[in-house]
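Notes follow once the structure below has been shown.
The values are calculated or read from the model by the stated rules, or taken from the named source; none is laboratory data. Predicted, not measured: the structure shown is a model, and the values here were computed from it. Quick reminder, even Gly has a Cβ in these numbers, built from the backbone with ideal geometry, and neighbours come from all protein chains shown. The accessibility values were calculated without ligands, DNA or RNA, using every heavy atom of the protein model including side chains. Shrake-Rupley method; radii C 1.70, N 1.55, O 1.52, S 1.80 Å.
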Amino acid sequence: MRNLKPNVLKQLQRSLPVGGSLPEDVWRRRHRFLVALTWFHVAIIALIGPIFGYQWTLSIGALFDDRTVLHTFGESLVVAFFAALAGWGRPSRGLQATAVSFGLMSASAIIVHLSGGYIEFHFHFFVMLVFLALYQDWVPYLFAIGFVAIHHGTVGVLWPSDVYNHPAALNAPWTWAGIHAFFVLWSSVGSIIAWRFNERAYAQTQRILDSAGEGIFGLDCNGIMTFINPAAAKMLGLGESDALGQALAR
């Protein structure tokens with residue numbers, strides 16, 4: 001019995017993704033897509049007011065009035081801040097990914113709020129969690145889950161009308177927060193399982209490349225090197241990390 005608990009913990013640890021292990025070129029492509037997705041939400045939120053005929057009042061009070069164009073534009077600036085931070089190249093990968101996480105989760109919360117709490121729009125949170133799993137990084141993913149927990153568990157209980165739009169949820173916000181937590185949990189479990197399978201497949205491919213005696217490398221359509229094994233790097237007189245992302249001379 002004494003050895004059972006450590007073994008179970010080790011098995012659980014092996015079944016979880018490592019995280020933060022994507023190659024730089026793969027991570028960059030995914031990051032550009034997710035930053036673009038965040039900016040897309042900025043545009044959508046900013047256009048809600050004009051499209052649905054909200055008032056064009058310009059005043060301090062209008063900024064806090066849900067039915068004004070100024071309010072929806074102000075909400076979009078919150079998401080734009082995180083999108084701009086994520087697109088800024090200086091922070092680390094973790095910080096850039098976390099900025100995207102906050103941007104997409106904020107967009108979900110804003111869309112739910114502006115819709116009047118329609119339950120159908122809550123699925124936006126679940127979809128964004130799936131997209132954020134593309135980073136294969138625990139830090140932004142856990143921040144996103146924490147955001148959903150705080151949004152439903154705090155805002156949904158203290159100001160339920162900002163999160164829900166039907167009597168059952170307004171009368172029992174804790175119950176509905178628990179229901180949403182259940183779906184968030186299983187959405188996250190599915191994403192983590194797929195994430196772990198991707199890590200294992202990549203690790204296996206990497207082991208095969210590293211152990212091959214022949215020089216193997218890959219180029220994209222522009223002649224940019226996307227991967228290279230140690231044998232090829234030695235033949236070409238290049239460092240593996242230096243070769244990736246470089247154009248191969250013709």
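Subtracting the Cα-Cα distance from 0.36 nm times the residue separation, let me have the gained length for A194 to W56 in nm, one decimal.
45.1 nm
F197: accessible area at probe 1.4 Å, nearest 10 Å²?
The accessible area comes out at roughly 130 Å².
Under 11 Å from the Cβ of I110, count the other residues' Cβ atoms, weight Lys and Arg +1, Asp and Glu -1, and hand me the total.
-3
Please give the length that would be gained between A201 and A84 if that part of the chain were fully extended, namely 0.36 nm times their separation in residues minus their C-alpha to C-alpha distance (nm, one decimal).
Stretched fully, the A201-A84 segment lengthens by 38.8 nm.
Computed FRET efficiency, Cβ-Cβ of T175 and E120, R0 22 Å: what is it to the nearest 0.05?
0.75
Quick one: ranking V69, V127 by accessible area, 1.4 Å probe, largest first, what do you get?
Heavy-atom accessible area, descending, gives V127, V69.
Taking all protein chains as present, what is the carbon and sulfur share of the accessible area of the range 23-82, in % to the nearest whole number, probe 1.4 Å?
Roughly 74 percent of what the probe reaches on the range 23-82 is carbon or sulfur.
From the P(r) of the range 140-200, could you give the percentage of C-alpha pairs in the tail past 20 Å?
35 percent
What does the accessible area of W159 come to, in Å² to the nearest 10, when a probe of 1.4 Å is used?
About 140 Å², ignoring ligands and nucleic acids.
Which value results for Rg/Rh of the range 79-216 when Rg is the Cα radius of gyration and Rh the Kirkwood radius based on the inverse mean 1/r?
The Rg/Rh ratio comes out at 1.12.
How do S161, S59 rank by accessible surface area computed with a 1.4 Å probe, from largest to smallest?
Final ranking, largest accessible area leading: S161, S59.
Return the long-range amide H neighbours of F227 (sequence gap of 5 or more, or a different chain), with a cut-off of under 5 Å between placed amide H atoms.
Amide H neighbours of F227: G218.
How far apart, in nm, are two points set 7 Å out from the Cα along the Cα-to-Cβ line at R28 and at L63?
Distance between the two pseudo-spin positions: 3.9 nm.
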